[in-house]
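Structure, as structure tokens:
The values are calculated or read from the model by the stated rules, or taken from the named source; none is laboratory data. Worth saying up front: this structure is predicted, and the values here are computed from it rather than measured. Glycine gets a Cβ as well: all are built from the backbone with ideal geometry, and neighbour counts include every protein chain shown. Each accessible area value is taken on the protein alone, full model and side chains, heavy atoms only, with ligands, DNA and RNA left out. Shrake-Rupley method; radii C 1.70, N 1.55, O 1.52, S 1.80 Å.
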Amino acid sequence: MTSSARNARLAELRKIWLIPDAYPMIAALGVLAGLVTYFGYNKLCHDPTVVVSRKLRNAGFFAQFDSRPRDIGHLTGLAHASKAWSTRIFDKTEPNHIHELNTERYLESEHRRIHLAEAKAEREYNMR
């Protein structure tokens with residue numbers, strides 16, 4: 001594309017969109033994009049209700065609630081979890097633990113542990 005063709009397309013774009021009637025719409029869309037970015041980042045990285053840990057997410061509401069006080073005032077949510085993530089892909093030498101976490105024995109023990117923890121939390125809640 002030659003520079004004269006590019007300038008012609010740019011002039012056509014300016015003629016259609018950069019008229020004074022379109023300025024409020026462009027400003028509103030800019031503010032909207034900024035707000036969406038800000039609130040999305042804030043929710044993902046600093047909200048204590050965002051639970052990234054699978055164990056904590058499966059542990060139930062009371063376990064999540066008990067884990068919050070240590071996170072208040074610090075990075076929570078995705079920002080807290082990302083501190084432990086490696087930025088390198090191939091530097092891990094330990095074996096893959098996903099296989100052992102998907103065995104029937106492990107899943108049954110986790111199910112029992114979650115059931116006992118929820119029953120204990122419910123008993124404590126009912127004693128109040």
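Things worth noting here:
- Members of region 4-18 that are of a type outside the set (Asp, Glu) and more than 39 Å from the chain's Cα centre (by Cα): Ser4, Ala5, Arg6, Asn7, Ala8, Arg9, Ala11, Lys15
- Members of region 53-63 that are assigned to a helix (DSSP H, G or I) and either loosely packed, with under 13 Cβ neighbours inside 10 Å or in contact with a Ser or Thr (Cβ under 9 Å, 6 or more places away or on another chain) (or both): Arg54, Lys55, Leu56, Arg57, Phe61
- Selection of first residues in region 49-62 that are on the phi < 0 side of the Ramachandran plot and of second residues that are basic (Lys, Arg), restricted to Cβ pairs under 6 Å at least 6 apart or on distinct chains, gives the following pairs, ordered by first then second residue: Val51/Arg57.
- Scanning region 7-58 for residues being among the small types (Gly, Ala, Ser) and at pLDDT below 80 gives a total of 1.
- Filter pass, Ser4 being at pLDDT 75 or above, surrounded by fewer than 11 Cβ atoms within 10 Å (Cβ to Cβ) and polar (S, T, N, Q): yes
- Some residue of region 10-33 being open to solvent by less than 80 Å² (accessible area, probe 1.4 Å), without any contact (Cβ under 8 Å) to a residue 12 or more places away in the chain, in a helix (DSSP H, G or I) and under 30 Å from Arg112 (Cα atoms): no
- Of the residues making up region 83-96, not a single one is part of a helix (DSSP H, G or I), more than 16 Å from Ala59 (Cβ to Cβ) and either at pLDDT below 70 or among the hydroxyl-bearing types (Ser, Thr, Tyr) (or both).
- Restricting region 115-128 to residues that are in a helix (DSSP H, G or I) and among the charged types (D, E, K, R), the residue that is surrounded by the most Cβ atoms within 10 Å (Cβ to Cβ) is Glu118.
- Residue check for Arg112: open to solvent by 80 Å² or more (accessible area, probe 1.4 Å), modelled with pLDDT of 70 or more and within 17 Å of Leu56 (Cα to Cα): yes
- Of the residues making up region 40-52, those that are surrounded by 11 or more Cβ atoms within 10 Å (Cβ to Cβ), in a helix (DSSP H, G or I) and out of contact with any Leu (no Cβ under 6 Å at 6 or more places or on another chain) are Tyr41, Asn42, Lys43, His46.
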